[in-house]
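All remarks here apply to the structure that follows.
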Amino acid sequence: MSIKVYNTLTRSKEDFIPLVPGKVTMYVCGPTTYNYIHLGNARPIVVFDTIRKYFEYKGYQVTYVQNFTDVDDKIINRANEEGVDPLKLSQRYIKEYEKDAAALHVRPADVHPKVSEHIPEIISLVKTLVDQGHAYEIDGDVYFDVDSFSEYGKLSGRSLEDLRSGARVEVDQRKKNPLDFALWKSAKPGEPAWDSPWGKGRPGWHIECSAMSQKYLGDTFDIHGGGYDLVFPHHENELAKAEAATQRPFVRYWLHNGFITVNEEKMSKSLGNFFLVREILSKYPGEVVRFFLLSTHYRSPLDFDLNKLAEHQKALERIKNTLRNLDQVKKQGPGKDASQEAEVKEFLHRLAEFRNQLEAAMDDDFNTALAIGILFDLCREINAAVTALGSSKHFEEAITQAWDLLTVFAQDILGIVQVDDVLGTSAADSDFVNALMELILSVRQDARAKKDWATADLIRSRLQELGVTIEDTPQGPRWRR
């Protein structure tokens with residue numbers, strides 16, 4: 001089954017067909033680095049990291065680019081407030097971003113371009129647009145002429161007339177059209193500036209991503225991602241500049257994630273209702289935050305409150321306990337009962353069905369919410385099989401396949417568990433714990449054989465206090481955390 005994606009440009013779900021067979025090129029707008037990232041910033045970071053990993057699972061070679069906007073009005077304003085150099089301020093928050101992203105189990109992009117390191121590419125693109133008549137210079141400022149690009153508005157689905165009447169734009173009487181936007185801004189005192197054909201200045205926001213994405217991915221690439229709030233004006237303006245300059249399609253598939261809301265109101269710094277990821281991570285593990293962000297389809301709104309994180313943390317324990325159960329049975333080795341071969345084969349068949357269901361969910365526009373629901377069903381199936389079939393000598397292959405399926409989707413793709421953290425021990429420590437538990441169970445079995453029920457019950461009770469459950473089965477006692 002092919003992967004289907006919802007393309008904002010066509011407003012429809014389409015079969016994903018990469019520009020180059022077997023390869024995927026992705027560009028995702030990264031943060032403007034003047035503060036710690038908030039939960040609204042984290043959603044696209046986690047969503048597109050998951051999409052990237054699923055493409056890799058399907059066998060694609062993925063080139064993933066995510067920028068850092070380190071030259072921007074917000075950075076300059078914050079730097080002036082703190083009395084520091086804007087580029088140094090930005091670099092500080094890039095380092096803080098890296099800490100938060102790692103805590104959310106987000107893998108670094110193949111390239112993290114910074115605006116400040118791509119000024120020559122930006123100037124070259126601006127010059128091309130000026131030479132072609134798509135941009136004009138006034139007093140050291142350069143503006144894109146939206147009327148020169150006949151398809152302006154096609155990404156957001158609005159006409160120029162609608163945009164003129166409805167969009168909030170800077171008032172500048174010098175511009176040919178109020179919607180014309182800055183490609184290059186003339187230098188102002190105290191701001192970072194670079195030499196250009198139009199005098200000292202710095203880039204406008206919208207030109208930055210166009211220049212950096214085309215440098216690393218070419219004039220046309222497969223996927224451009226970001227939050228829905230970027231459709232207009234940022235992505236609309238990116239598209240207009242890139243296609244005006246090259247006369248080629250810029251992006252084949254535009255993917256946008258929905259807003260995060262608080263009490264059904266959009267989370268934003270301007271409203272003061274945003275939650276910093278750093279603050280949330282002081283209360284909950286990164287995997288719980290990631291689980292929450294993926295628990296709703298990426299295009300749908302996601303309403304936040306801290307109580308929901310507590311619920312997700314509790315739910316996540318079900319997957320972790322299944323991994324612990326599987327790990328325990330793996331370490332016990334194959335059983336001796338040969339009477340359950342048919343049941344084991346049926347379980348293997350069910351595992352294959354679960355894999356198909358998980359892939360179908362992710363193939364359908366990366367429906368992580370559905371995939372997570374299927375994972376919980378898979379855990380129930382695995383736990384039941386461990387109880388019923390753990391003594392079968394045919395069960396070893398099934399354990400391996402169940403482990404592989406659960407860890408590939410829960411850890412490698414969705415990133416909502418980390419097996420090493422779940423098991424909580426190194427290989428050497430794990431062997432020691434298993435040997436120690438075997439000794440304890442042996443002592444308890446001796447007590448039961450001597451009808452010393454008090455000692456046997458005391459061992460069970462004390463282990464229960466430590467989070468260890470003992471199950472007495474016809475094949476002997478089992479333990480699990």
Say whether the condition of being open to solvent by less than 40 Å² (accessible area, probe 1.4 Å), of a type in the set (A, V, I, L, M, F, W, C) and touching a strand residue (DSSP E or B) at 6+ places or on another chain (Cβ under 6 Å) is met by at least one residue in segment 236-254. yes
Pick from segment 31-59 the residues that are under 20 Å from Asn257 (Cα atoms) and among the small types (Gly, Ala, Ser): which of them is surrounded by the fewest Cβ atoms within 10 Å (Cβ to Cβ)? Gly40
Subset of segment 402-423 [β-branched (Val, Ile, Thr) and either within 24 Å of Gly467 (Cα to Cα) or open to solvent by less than 10 Å² (accessible area, probe 1.4 Å) (or both)]: Thr407, Ile413, Ile416, Val417, Val419, Val422
Just for segment 369-399: of the residues that are among the β-branched types (Val, Ile, Thr) and closer than 19 Å to Glu359 by Cα, which one is surrounded by the fewest Cβ atoms within 10 Å (Cβ to Cβ)? Ile374
Within segment 144-154, is there a residue that is part of a helix (DSSP H, G or I) and either touching a strand residue (DSSP E or B) at 6+ places or on another chain (Cβ under 6 Å) or among the aliphatic types (A, V, I, L, M) (or both)? yes
Within segment 216-235, count every residue that is among the charged types (D, E, K, R) and over 24 Å from Ile17 (Cβ atoms). 1
Out of curiosity, is Lys266 modelled with pLDDT under 85, under 26 Å from Gly467 (Cα atoms) and open to solvent by 60 Å² or more (accessible area, probe 1.4 Å)? no
Select, from Val62, Val28, the only residue that is surrounded by 23 or more Cβ atoms within 10 Å (Cβ to Cβ) and aliphatic (A, V, I, L, M). Val28
Tally of residues being open to solvent by less than 40 Å² (accessible area, probe 1.4 Å) and not in a strand (DSSP E or B) across segment 173-197: 7
Hits in segment 96-130 - residues which are in contact (Cβ under 8 Å) with a residue 40 or more places away in the chain, over 20 Å from Lys241 (Cβ atoms) and in a loop (DSSP other than H, G, I, E, B): Leu104, His105, Val106, Arg107, Ala109, Asp110, His112
Among the numbered criteria (1) at pLDDT 85 or above; (2) of a type outside the set (S, T, N, Q); (3) outside any helix (DSSP H, G or I); (4) more than 35 Å from the chain's Cα centre (by Cα), which one does Leu458 miss? (3)
State the number of residues belonging to segment 432-465 that are in contact with a helix residue (DSSP H, G or I) (Cβ under 8 Å, 6 or more places away or on another chain), open to solvent by 60 Å² or more (accessible area, probe 1.4 Å) and closer than 20 Å to Asn325 by Cβ. 1
The residue that is farthest from Asn257 (Cα to Cα), considering only those in segment 218-235 that are open to solvent by 20 Å² or more (accessible area, probe 1.4 Å), within 25 Å of the chain's Cα centre (by Cα) and of a type outside the set (S, T, N, Q), is Gly218
Determine, yes or no, whether Ala338 is out of contact with any Lys or Arg (no Cβ under 7 Å at 6 or more places or on another chain), of a type in the set (A, V, I, L, M, F, W, C) and open to solvent by 30 Å² or more (accessible area, probe 1.4 Å). no
Just to be sure, is Ser150 in contact (Cβ under 8 Å) with a residue 40 or more places away in the chain and either exposed (fewer than 13 other Cβ atoms within 10 Å of the Cβ) or among the polar types (S, T, N, Q) (or both)? no
Qualifying positions in segment 198-213 - under 23 Å from the mean Cα position of the chain (by Cα) and open to solvent by 10 Å² or more (accessible area, probe 1.4 Å): none
Count - residues of segment 287-325 that are of a type in the set (S, T, N, Q), loosely packed, with under 13 Cβ neighbours inside 10 Å and part of a loop (DSSP other than H, G, I, E, B): 1
Confirm whether His134 is closer than 24 Å to Phe149 by Cβ, surrounded by 14 or more Cβ atoms within 10 Å (Cβ to Cβ) and either more than 25 Å from the chain's Cα centre (by Cα) or not β-branched (Val, Ile, Thr) (or both). yes
Please verify whether Arg107 is modelled with pLDDT of 95 or more and surrounded by 22 or more Cβ atoms within 10 Å (Cβ to Cβ), treating the condition exactly as stated. no
Counting only residues that are over 32 Å from the mean Cα position of the chain (by Cα) and among the aliphatic types (A, V, I, L, M), segment 387-402 contains a total of 2
Can you tell me how many residues within segment 326-335 are touching a helix residue (DSSP H, G or I) at 6+ places or on another chain (Cβ under 7 Å) and either open to solvent by 40 Å² or more (accessible area, probe 1.4 Å) or assigned to a helix (DSSP H, G or I) (or both)? 6
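The values are calculated or read from the model by the stated rules, or taken from the named source; none is laboratory data. Just so it is clear, the structure is predicted and the values come from calculations on it, not from any experiment. Neighbour counts run over all protein chains shown; Cβ positions are idealised from the backbone, glycine included. Ligands, DNA and RNA are stripped out before the accessible areas are found, and what is left, the full protein with its side chains, is counted by its heavy atoms. Shrake-Rupley method; radii C 1.70, N 1.55, O 1.52, S 1.80 Å.
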